[in-house]
Each structure stands twice: as structure tokens, then as C-alpha cells.
Protein chains: 2
Amino acid sequence: MSRKPTLAVVGATGAVGTVMLQILSQHADIWGEIRLVASPRSAGRKLAVRGEQVEVLALSEDVFDGVDVAMFDVPDEVAAQWAPLAASKGVVVVDNSAAFRLDPDVPLVVPEVNPHAARVRPRGIVANPNCTTLSMIVAVGALHAEFGLRELIVSSYQAVSGAGRDGVETLRRQLKLVTGTELGTSPGDVRRAVGDDTGPFPEPVALNVVPWAGSLREDGWSSEEMKVRDESRKILGLPGLRVAATCVRVPVITTHSLTVHARFEDEVTVDRAREILATAPGVVLFDNPAAGEFPTPADVVGTDPTWVGRVRRALDDPTALELFVCGDNLRKGAALNTAQIAELVAGEFTAG
Amino acid sequence: MSRKPTLAVVGATGAVGTVMLQILSQHADIWGEIRLVASPRSAGRKLAVRGEQVEVLALSEDVFDGVDVAMFDVPDEVAAQWAPLAASKGVVVVDNSAAFRLDPDVPLVVPEVNPHAARVRPRGIVANPNCTTLSMIVAVGALHAEFGLRELIVSSYQAVSGAGRDGVETLRRQLKLVTGTELGTSPGDVRRAVGDDTGPFPEPVALNVVPWAGSLREDGWSSEEMKVRDESRKILGLPGLRVAATCVRVPVITTHSLTVHARFEDEVTVDRAREILATAPGVVLFDNPAAGEFPTPADVVGTDPTWVGRVRRALDDPTALELFVCGDNLRKGAALNTAQIAELVAGEFTAG
């Protein structure tokens with residue numbers, strides 16, 4: 001078929017959906033019609049995409065008529081219901097919820113790491129990894145291809161927009177309450193200032209860090225930490241990979257950072273690791289501490305690549321590398337990777 | 001000797017010195033005279049300690065006349081010059097700079113972990129560890145005593161007061177510039193708002209995290225990361241301990257947090273680890289995620305203990321534990337541990 005495929009964006013009005021529309025406006029214009037879909041509450045609103053105002057449609061079976069590819073960014077339970085329904089109508093669904101990521105019949109795809117996986121999709125669904133995994137896996141995948149990964153020990157510094165618009169508004173509200181005061185130096189004063197207004201977070205996040213993201217799983221692990229383990233294993237095709245993650249929310253608006261301790265099969269050298277990272281697609285090596293160069297969220301936000309700095313070999317383990325990695329959690333961590341998968345799939349239509 | 005020993009507080013006007021005076025006012029009153037010392041710039045000011053206003057003296061040789069114990073919190077180069085001089089006059093110096101921590105003739109002491117070490121001090125100096133190491137070592141030391149530590153992989157979430165008053169004022173200034181705006185969502189907007197006003201930090205710290213603390217050492221490591229390795233080894237008496245640290249500054253006023261991946265000689269159990277942590281002196285186990293219980297800086301600031309939560313056994317390594325640890329970097333991380341060492345030493349005078 002040589003016509004341009006039709007795309008639906010489901011969840012177009014959310015924090016990630018908004019970035020999806022920006023990306024569709026910036027990328028090569030490979031799509032025919034772009035249909036915007038959201039909950040009935042948002043239907044009728046008009047949003048800009050590719051320089052045009054497009055009316056938002058309420059989610060229904062009919063909106064998928066004639067659609068080739070749909071990008072979903074909706075809550076897990078909405079995706080669980082609607083993605084199979086859209087797929088049953090012949091739509092290839094690229095889903096950014098957690099509903100299908102570990103389904104053995106659903107590929108979990110990062111185009112720089114395992115693009116081939118997107119072609120085999122028995123359920124008509126391709127899953128997009130979670131934002132914390134995505135913020136580091138392109139860099140880790142490039143190193144794995146050369147050195148053979150054995151173990152990942154990671155700690156996250158997760159931005160509040162990972163919890164959606166409510167997360168961003170909560171931090172902005174709390175910052176107004178604590179800024180210009182002496183708060184943050186006495187027991188409980190930040191908590192008293194913020195009160196119960198913690199939004200989607202279990203504790204105040206302004207002037208604080210909160211070692212929790214997601215829901216409680218077995219043995220004290222959070223769902224976010226389990227996602228990093230399970231999704232890294234699936235994307236890299238390493239079902240026995242040792243992974244230990246601790247996920248922590250920090251008062252940053254957008255861009256997740258992670259410290260990564262990566263242990264490989266054999267000895268590694270920093271020089272070779274830097275060569276790999278400097279040339280890996282989707283990665284920017286920004287690593288010259290003598291010149292004050294290392295990535296921080298303030299500089300990475302709004303950009304596409306995975307930024308890597310602080311590359312060191314462990315002093316006491318010649319098989320391990322230390323990295324500090326930043327990635328925009330709304331772009332590569334969500335909307336961008338989803339759009340990249342959708343573009344991979346679209347290539348099948350236009351090549352066909 | 002049964003008289004109460006005389007104490008000098010050198011650096012009494014700084015961020016840590018201020019907390020030292022609070023602690024001296026709160027603890028059992030074991031001291032005779034307390035002499036306050038600072039740079040000539042601060043001499044003549046009066047500060048409250050034990051409910052009295054005490055005039056600050058300018059640092060000179062004479063101020064150490066008749067002093068038994070001195071707590072130093074001054075820059076490394078000032079300590080390097082003045083601590084040996086005070087010691088030569090018979091003063092036992094408890095020094096919170098980095099100048100002597102790795103000197104084989106200077107013990108590096110954490111009273112809950114290696115109190116015996118304080119008694120052997122060939123140079124008349126006892127060193128206080130750096131705040132990042134101190135914020136986790138009491139908990140790690142308790143687990144080591146039972147399980148035998150083999151490897152530490154830690155990431156820090158360090159408060160700005162670790163960089164002194166200038167660090168705190170810098171964050172407060174930057175927060176005023178970025179609060180109430182849409183900053184933090186576009187590339188470089190936080191940097192533009194903050195300009196070159198980054199204070200003691202290499203990058204803006206408001207709405208950001210900065211993977212750097214201290215100065216550049218070999219092979220890309222920061223001095224702070226090397227301190228965590230070298231000091232942990234010395235305190236625990238494990239010169240071959242494998243340690244990999246990544247130190248990151250976060251927009252928190254006071255209280256350092258760390259994620260800790262600790263690998264031990266043999267298999268560990270979470271139940272036994274929790275028993276140890278629940279009864280270890282100087283440690284509070286606060287770990288019930290189902291009830292929203294884990295430590296955060298906002299609740300730990302101003303308290304003495306090392307708070308531990310998120311205790312998990314690594315899913316893929318039965319010899320490793322994951323912890324999230326918080327400690328007030330000005331109290332246990334600096335002033336409190338220094339005061340505890342001084343009190344240990346004072347016990348020799350009063351017992352004598």
C-alpha cells in the first residue's frame with residue numbers, strides 16, 4: 001500500500017499526549033490523517049498538531065474505523081480494555097501502559113535496542129517500556145552489545161511529571177508554600193507547611209526526596225522497581241539478568257536521572273565504553289568533569305537522546321562501569337519512544 | 001582528674017558550628033568552660049550555648065591555653081595548620097575536616113561502630129568522617145557486624161547544607177527565581193533563570209539534581225565519592241572492601257539520603273536484618289511501605305539517628321540487601337558525631 005497510514009493518538013490531552021503531538025509536529029510527516037482521542041470529558045476540545053487545530057474525539061469503538069496505527073497513553077485499566085478492541089479492528093496498537101509489557105505475546109520495544117521485536121506482535125499490540133527503564137536502557141543496551149551485561153544496580157532520581165500533570169501541579173503548589181521561608185531545617189516543618197496536599201505522592205516532594213514510586217509489590221519492592229527489572233530483562237533478551245533498582249522521586253519537573261552500576265562478562269575499559277557511548281544512536285556522551293560537563297535534568301529536558309556522563313570503571317571491580325544517565329521522561333521515556341515504534345510500524349505500510 | 005574538662009569549639013559560627021552549640025546545649029552538661037573560636041572576622045560576636053551568651057574569640061595559639069578537648073569545623077587548610085598546633089599544646093583535637101581522616105596515625109571514629117579507635121591517637125587528633133559516609137555507616141556497620149560486609153554500591157541524594165551556609169542560601173535564592181513559573185519543562189530554562197548564580201555548585205540545584213560533589217580526582221571520580229570509599233574502609237577496618245559510590249546533590253536543605261546495595265559474605269534474610277537495625281544504637285528502622293512508612297529528609301531533619309527504610313533482599317542475589325538511609329548531615333553527619341567523639345574523650349578525663 002502506498003497511501004500514508006492513518007494514526008490515532010489515544011490520550012491526546014494528557015502530559016504524555018501533549019508531548020506526542022509536539023513530536024508528531026516535529027518529525028517527518030509520514031502520517032495521513034491524525035485522529036485525536038481522549039475521554040468524553042475532553043471531547044470537543046481542539047489541539048494543535050502539524051500546525052492544524054484538530055478536534056478531540058471521545059474514545060469509542062467507532063474512532064478506530066480506518067485507523068492503521070494507534071498510540072495509547074491511558075491508564076492501565078483503560079488500555080487493558082481498549083487496546084485489544086482496537087487491535088481486533090486491525091489497528092496496530094503501540095501502548096504506553098503497563099497492561100501488556102510482560103505479556104509474552106506482546107513485544108516490548110526500544111527502537112535503538114530491539115527494533116526487530118516490533119515485527120512479531122501476535123496480539124496486534126506493541127508495548128512501550130516504562131519511563132524509568134527507558135531513561136537508561138539505550139545507553140545500557142549499547143554497552144551490553146559489546147561487553148555482555150551480567151548485573152544492573154540502579155538508583156533513580158525521578159521527576160514529578162512521571163506522575164502526570166497532577167505530579168507537576170503538586171510540586172509547583174508545594175514549592176510556593178516552602179519558598180522564601182526557613183523551612184527545611186527543622187523536623188516536620190515542610191510536612192506542616194504542605195499538610196495533606198501531597199497529590200499523587202505519599203510524602204511532600206518539595207525540598208524532599210521520596211523513596212517510593214508506584215504500588216507495593218511483594219517483599220517490600222515497589223511496582224516501579226519491579227518494572228525496571230522485568231522490562232530491562234525483556235528488552236535486552238536476558239531473562240536471568242540480575243537487577244536491583246531503588247526508585248526515588250525528586251523535586252525535578254521533567255527528566256529522570258539514574259545512577260547505574262553495570263557489571264559485565266569480562267573486564268571493561270572506560271576508553272572503549274566512551275567510544276561506544278559516543279557513537280551509539282540515541283545517546284549523547286557528555287562527560288568531562290574537569291570542564292564541568294555532566295548531564296543534569298535542567299539541561300536535558302526537552303531533548304530526545306539519553307545523556308550519559310560520569311563514566312568510570314569501578315575501582316574495585318574491573319568488570320563494572322558507573323554511569324550517570326539522564327533522559328526526558330516525557331520524550332524518550334514515553335511519547336518519543338512510542339512515536340518511534342509507531343514510525344517503525346508505519347514503515348511496513350509504506351514499504352508494502 | 002575530677003574537674004570538668006574545658007572544651008573549645010573552633011568554627012563556632014559556621015553551619016556545623018551552629019548545630020554544635022545546639023547539641024552542647026541539649027546534651028548532658030559534662031563540660032567546664034566552653035570556649036568559642038572563629039576567624040577574626042567573627043570575633044566579638046556573642047553566641048548562645050547552654051543558655052548563656054558567650055563571646056567568640058579569634059583563632060590564635062593563646063585560645064588553646066588550658067583547653068582539654070577542641071572540636072574543629074573549619075576548612076581543610078585551616079585544620080591542617082591549627083589542629084597540630086593545638087595538639088602540641090596538649091589539646092585533644094576532634095577534627096571534622098578531611099585533612100587527617102586518612103592519616104594512619106589519626107583514628108577515624110564513629111562511636112556506634114569503632115569507639116575503641118578513639119583511644120589510640122598518636123598525633124593527639126581524632127578525625128570525624130565526612131557527612132555522606134556518616135549518614136549511612138552506622139546502619140551499614142551494624143549489618144556488617146552480623147553478616148560480614150563484602151561490597152557497597154551506594155548513590156547519594158545530598159542536601160545543599162553539606163556545602164555550608166552558602167549552599168543553603170544558593171538554593172533559597174534559586175527557588176525564588178524558579179517558583180511560580182513554568183520553568184523546568186523546556187531546555188535550558190532553569191539555567192537561564194538562575195544565570196551564573198550557582199553558588200558553590202557547578203550547576204543550578206533548584207528543580208535539578210547535580211551529579212557532582214567536591215573536586216575532581218583521578219579517572220573521573222569526585223573527592224566525595226573517594227571519601228565514601230576510603231572512609232568506609234577505615235571505619236569498618238576493611239581495607240579491601242569493594243566500594244562504588246556516585247554522589248549527587250539534590251534540592252533538599254538538610255539531611256543526606258543514600259540508596260545502599262550491600263553485599264555480604266553469606267546469605268542474608270530481611271527478617272534478621274530488620275531485627276539488627278531495630279535494635280542497633282543510633283539507628284531507627286522506619287520501614288512499612290504498606291503504611292506509607294519510609295524515611296524522607298523532611299521528617300528526618302533535626303533528629304539524631306540514622307533512619308533506615310525500604311529494607312529488601314536483592315531478588316537475584318541472596319547475599320545482598322537494599323536500603324534507603326537518611327541522616328541529618330549537620331547533626332550525625334557532622335556536629336553530633338564530633339560531639340559524641342569529644343564526649344568519649346572527655347570520659348577519659350572525668351574517669352581519670
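Of a type in the set (Gly, Ala, Ser), buried (at least 23 other Cβ atoms within 10 Å of the Cβ) and touching a strand residue (DSSP E or B) at 6+ places or on another chain (Cβ under 6 Å), is that true of A:ALA273? Yes: the conditions hold for A:ALA273. Annotation: of all residues in region B:150-162 being in a helix (DSSP H, G or I) and farther than 18 Å from A:SER257 by Cβ, the one that is farthest from the other protein chains (Cβ to nearest Cβ) is B:GLY162. So if I check each of A:PHE286, A:PHE294, which one is more than 17 Å from the chain's Cα centre (by Cα), crowded, with 23+ Cβ neighbours inside 10 Å and modelled with pLDDT of 95 or more? From the options A:PHE286, A:PHE294, the qualifying one is A:PHE294.
Quick one: in region B:195-221, which of the residues that are within 21 Å of the chain's Cα centre (by Cα) and within 7 Å of chain A (Cβ to nearest Cβ) is farthest from A:TYR157 (Cα to Cα)? It comes out as B:LEU216. Based on this model, can you work out whether B:ARG45 counts as basic (Lys, Arg) and either buried (at least 18 other Cβ atoms within 10 Å of the Cβ) or in contact (Cβ under 8 Å) with a residue 40 or more places away in the chain (or both)? No: the conditions fail for B:ARG45. Counting only strands (runs of 3 or more DSSP E) that fall entirely inside region B:15-117 and contain at least 2 residues that are within 19 Å of the chain's Cα centre (by Cα) and modelled with pLDDT of 95 or more, the qualifying elements are B:69-72, B:92-95. Of all residues assigned to region A:307-320, none qualifies as being touching a His at 6+ places or on another chain (Cβ under 8 Å), more than 8 Å from every other protein chain (Cβ to nearest Cβ) and surrounded by 20 or more Cβ atoms within 10 Å (Cβ to Cβ). Tell me which residues, restricted to region A:131-162, are among the β-branched types (Val, Ile, Thr) and open to solvent by less than 10 Å² (accessible area, probe 1.4 Å). Result: A:THR132, A:THR133, A:ILE137, A:VAL138, A:VAL140, A:VAL154, A:VAL160. Looking across A:ARG165, A:ARG192, one residue alone is outside any loop (DSSP other than H, G, I, E, B), surrounded by fewer than 19 Cβ atoms within 10 Å (Cβ to Cβ) and at the interface with chain B (Cβ under 10 Å from one of its Cβ atoms). It is A:ARG192. Restricting attention to region A:232-255, which residues are more than 10 Å from chain B (Cβ to nearest Cβ) and under 22 Å from B:SER155 (Cα atoms)? Selection gives A:SER232 alone. The set of residues from region A:1-15 being within 19 Å of A:LEU57 (Cβ to Cβ) and open to solvent by 20 Å² or more (accessible area, probe 1.4 Å) comprises A:THR13, A:GLY14.
Got at least one residue in region A:307-317 being over 27 Å from B:ARG229 (Cβ atoms), within 25 Å of the chain's Cα centre (by Cα) and of a type outside the set (Gly, Ala, Ser)? For region A:307-317, residues over 27 Å from B:ARG229 (Cβ atoms), within 25 Å of the chain's Cα centre (by Cα) and of a type outside the set (Gly, Ala, Ser): absent.
The values are calculated or read from the model by the stated rules, or taken from the named source; none is laboratory data. Everything numeric here is computed off the predicted structure, so don't read it as measured data. When we count neighbours, we look across all protein chains shown, and the Cβ atoms used for this are built from the backbone with ideal geometry, even at glycine. When the accessible area is computed, the model is the full protein with side chains, heavy atoms only, and any ligands, DNA or RNA have been set aside. Shrake-Rupley method; radii C 1.70, N 1.55, O 1.52, S 1.80 Å.
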